[in-house]
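A short worksheet on the structure shown next.
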């Protein structure tokens, strides 16, 4: 392992993340609960990295960082629910963003080698879980026409009146994305490298089975600013969601009080309701499998949430150099529906941990295979 290269990469990545966080004092952060500052990114897995990255480049994601370790510590694997592996293996990874965007737009795009799950993503935007990300454009008509010309798959024609139109599209894996018409006059610098005008990712759509229970969970994270949504939609709007009947929901746009203004859109679909569960662990399923939120102090945040009865997928994992000695950590909280919310923040330095037995077994098998290949001439 090139430790210096990996540590340098982590410094770059953290600076990249921090450039999108608002300036928030410690007092302001803790006034909103556990000290959540902002959304960092959403994570999506892909079956074809180059094809999917090219798609997001077309949406304006022309800035990215890919210098991450392809393997990591056992604790990092556990943080993703990979309990029976010594480590995971990534085929490709890039954290990409839209230059000069309003707020955080980052996507953590990953193609796993081990473990790899080729099951397709949710087949409609009302499935329980993190169903879609919303993108805002100041030139809706132009961008819709351009993307159609480029062969992007849309669920329907745009819905809504001028100034508030939207339409759902799919990325190459079938992951849902929502294109929104920006309200009012938006002053966002154009990116000369992009042919579209997407300038923000205003919210992530999260479908839940019990609105009150989920709202309480996200309030504990600091999402205390609440805007209730209209509860009924007619057939035309339903068709924009890929549905064939009018719908009824209970939902709200929620945001951090004192943090960034990026929202989560919680929606309980009352009719039609699909009880199929969200993606389970490990966090390697094709599609949007987690969001990452930055916190002021991860050790403190986890302690508070554990006292409130919130479950986690694992213990805190030092992240992400692969040395286990990082002063930044990650952990995945589990919401009432089993949806994963990754918390990222400073941690107290941990003592170096010895490798668990599963790693010793893995290394022993690798050594035996290496000796066999050497003796037989295989692998040359």
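Panel order for 175, 36, by other beta carbons found within 10 Å of each beta carbon, from fewest to most: 175, 36.
Where does each of 144-150, 61-67 land if you order them by average Cβ count within 10 Å, highest first? Intermediate results must be reported in sequence, preceding the final value.
Values: 144-150: 14.6, 61-67: 17.3.
Highest-to-lowest ranking by the protection proxy: 61-67, 144-150.
Give me the percent of DSSP beta bridges within the range 3-346 that run antiparallel, rounded to the nearest 5. Intermediate results must be reported in sequence, preceding the final value.
On the way: 58 of 81 bridges.
The antiparallel fraction comes to roughly 70 percent.
Protection proxy ranking of 251-261, 301-311, 346-356, 46-56, by the mean of other Cβ atoms within 10 Å over each peptide's residues and highest first, is 251-261, 46-56, 301-311, 346-356. Once the Cβ-Cβ distance of residue 244 and residue 350 is raised to the sixth power relative to R0 = 56 Å, the FRET efficiency obtained is 0.60.
Taken together, the values in this text are just the output of simple stated rules run on the coordinates, not laboratory data. On a predicted model such as this, the values are computed, not experimentally measured, just so you know. All Cβ positions, glycine included, derive from the backbone under ideal geometry; neighbour counts span all protein chains shown.
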